[in-house]
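Okay, structure first, notes after.
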């Protein structure tokens with residue numbers, strides 16, 4: 001396997017992560033009830049629940065972990081790139097994280113309050129401070145981050161189960177209706193709703209997603225140090241162990257999480273299910289990494305890799321484009337379809353968007369060196385205009 005193919009493996013995994021993130025985020029765009037304690041009364045039939053179960057089982061709590069792992073892995077590639085260019089790494093990284101934060105703020109305000117880029121920008125600085133720690137110290141940190149967050153949410157779930165409080169369903173329904181009306185309004189109402197949502201979403205980001213993402217950053221840093229994804233043949237046994245751990249630990253935990261989050265959404269037991277998902281999610285994410293890396297080594301897998309890799313190389317542009325398209329479909333400055341599309345139709349919309357992105361990304365990367373936003377971020381990072389078009393004859 002040559003150097004370009006090794007890079008393609010990482011890019012293809014990033015493209016694969018984009019699919020899972022899109023499926024989850026599109027569900028949030030489509031319904032004001034996403035994340036609330038009761039299901040959407042308009043879409044609570046058998047097919048609707050099955051779709052939500054599938055998304056929760058295989059995608060929620062797993063694919064942002066995969067994206068986070070690849071962020072940590074790519075951190076080591078950026079370090080080596082800085083070394084090759086003879087430039088100081090720390091100023092480059094700080095500029096990159098500042099650019100990422102600014103893009104994230106715009107994304108969260110204009111398109112989607114569930115933005116992860118601002119969190120990544122802050123966590124990237126923490127990873128910078130951890131970069132010289134030993135593998136053993138990083139392993140301990142990642143383990144404790146996952147375990148402590150899971151224990152905290154599990155304890156909260158146990159307390160809520162032992163001392164349950166009745167849900168104020170009329171208030172939840174009224175809040176969801178108000179959210180729908182805001183997102184069907186003009187751009188001012190939509191931005192206002194995004195800002196309102198941001199005032200509460202920080203709890204989820206800070207107390208749930210951020211610690212888990214940092215743990216995966218750290219694991220990605222370790223893997224990047226050892227060039228794990230660049231040496232697939234040498235690491236076949238590791239990938240096989242990851243698959244087995246995912247099947248024996250990750251999948252049962254995902255089943256518990258999915259069932260409680262969909263079928264017991266109005267019960268405090270769902271919080272306990274969340275804690276199970278938090279502690280077992282990294283195992284299923286690891287199985288995705290191991291399974292895809294082994295699959296990329298097959299003839300069919302190589303074709304899939306070549307299809308996914310361009311999307312992964314333009315992951316930032318594709319992530320923002322996904323939000324833009326979803327906003328135009330579900331928000332008022334577009335079609336305003338929030339609350340009017342079934343979960344199955346929403347999933348099909350997400351798959352259609354991703355399919356289009358695969359072909360657009362391949363067309364774009366055949367002509368340009370970077371995706372549009374990747375070029376902007378690269379400009380901020382190296383503080384000079386990078387090459388825009390690919391040289392004639394370049395791959």
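The values are calculated or read from the model by the stated rules, or taken from the named source; none is laboratory data. All of these numbers come straight from a predicted model, not from anything done at the bench. In this analysis, Cβ positions are derived from the backbone assuming ideal geometry, glycine residues included, and neighbour counts consider all displayed protein chains.
Just to check your reading of the model, which residue among 356, 350 is at pLDDT 95 or above and in contact with a helix residue (DSSP H, G or I) (Cβ under 6 Å, 6 or more places away or on another chain)?
Unique residue meeting the criteria: 350.
Of these, 136, 121, 152, which one is without any contact (Cβ under 8 Å) to a residue 12 or more places away in the chain and either in contact with a helix residue (DSSP H, G or I) (Cβ under 8 Å, 6 or more places away or on another chain) or assigned to a helix (DSSP H, G or I) (or both)?
136
Can you tell me which residues in region 275-317 are without any contact (Cβ under 8 Å) to a residue 24 or more places away in the chain and either under 22 Å from residue 219 (Cβ atoms) or not in a helix (DSSP H, G or I) (or both)?
295, 298
Of the residues 332, 339, only one is surrounded by 15 or more Cβ atoms within 10 Å (Cβ to Cβ), under 18 Å from residue 183 (Cβ atoms) and more than 24 Å from the chain's Cα centre (by Cα); which?
332
Report whether or not residue 258 is at pLDDT below 95 and buried (at least 20 other Cβ atoms within 10 Å of the Cβ). So that I can check it myself, show each step before the final result.
Working: at pLDDT below 95: no; buried (at least 20 other Cβ atoms within 10 Å of the Cβ): yes.
No: the conditions fail for residue 258.
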